[in-house]
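The values are calculated or read from the model by the stated rules, or taken from the named source; none is laboratory data. The structure presented is a predicted model; accordingly, all values stated were derived computationally and were not measured. Here Cβ is always computed from backbone atoms with ideal geometry, including for glycine, and neighbour counts include all displayed protein chains. All accessible areas refer to the heavy atoms of the entire protein, side chains included, with ligands and DNA or RNA removed. Shrake-Rupley method; radii C 1.70, N 1.55, O 1.52, S 1.80 Å.
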Amino acid sequence: MKWVTRERPKTDRVACPWLIARFIDPEAEIVYVPRDRVLETAAAVGGKSFDAQGGDYTHDGDLCTFEVLIREFDLGGDPALARHANIVHGADVDDPSPDPRSAGLLAIAEGFLEVELDDHEIRRVGGRIYDALYAWCAKQP
C-alpha cells in the first residue's frame, strides 16, 4: 500500500511511517508530496493519506495522527507503544504537560529539517531514533 503525506516530515510524519511499517503495513511505501497534493495523489495511486487536512488518518481532537493510527489499528494494548505515543504527542501538539522527553524529540525533528533535504533520509534516520525510543519505552517499569 502507498501511504501519502506532506513533504518535509517532522514529528508525526516521521513517527507515523515508523508505526505503519513496524506494526501496520510492513510493505508500506511512503510518498511525500506538497501539502496541496496529498489527497489527490493518494486517490490517484489508490493509497491512504495521513497527517494532512482531510486525510484518511489525521489529527482527531487532542490526538495526533500517530495516536489516531494506534487507535484505528487497535494497537493500544502495548504499554511500550502507549508510552512512546505519549512522547510523540507532546512533541507534535501544543500540550502543556507532555512527557519531558517530548522536548528532545521535537528538537531532533526540527534539527533534521535544518540538516537534511531528502525526506526519505529523514524518515530512515528518524526511524532508527524511533526504534531506540520504543526499545527504551519497553524497558521502563
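The figures follow:
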quantity: Cβ-derived FRET efficiency at R0 25 Å, E29 paired with V125, nearest 0.05; calculated: 0.85
quantity: Among L63, C137, G111 the positive-end extreme of the charge dipole of the chain (Cβ point charges); calculated: C137
quantity: FRET efficiency, 1/(1 + (r/R0)^6) with R0 25 Å, evaluated for K2 and Q53 via beta carbons; calculated: 0.85
quantity: Kirkwood-based Rg to Rh ratio, the chain, C-alpha trace; calculated: 0.94
quantity: Cα-centre dipole for the chain with unit charges at Cβ (Lys and Arg positive, Asp and Glu negative), debye to 20; calculated: 300 debye
quantity: In sequence order, calculated HN-Hα J values of the stretch 66-76 (Karplus, 6.51, -1.76, 1.60; Hz; x Gly/Pro); calculated: 4, 5, 5, 4, 4, 5, 5, 9, 6, 9, x
quantity: Helix axis angle, 79-92 relative to the chain longest principal axis, alpha carbon, degrees; calculated: 70 degrees
quantity: Separation between Cα centres of the stretch 93-141 and the stretch 7-70, rounded to whole Å; calculated: 16 Å
quantity: Accessible surface of the chain [probe 1.4 Å, protein heavy atoms]: carbon and sulfur percent; calculated: 50 percent
quantity: Mean accessible surface per residue for the chain, computed with a 1.4 Å probe while every protein chain stays in place, in Å²; calculated: 52 Å²
quantity: Estimated FRET transfer efficiency (E110, A132; beta-carbon r; R0 22 Å; 0.05); calculated: 0.75
quantity: Local electrostatic count, V125, Cβ distance below 15 Å [Lys/Arg +1, Asp/Glu -1]; calculated: -1
quantity: 5 angstrom amide H check on V31, placed H, neighbours 5+ away; calculated: W3, V4, T5
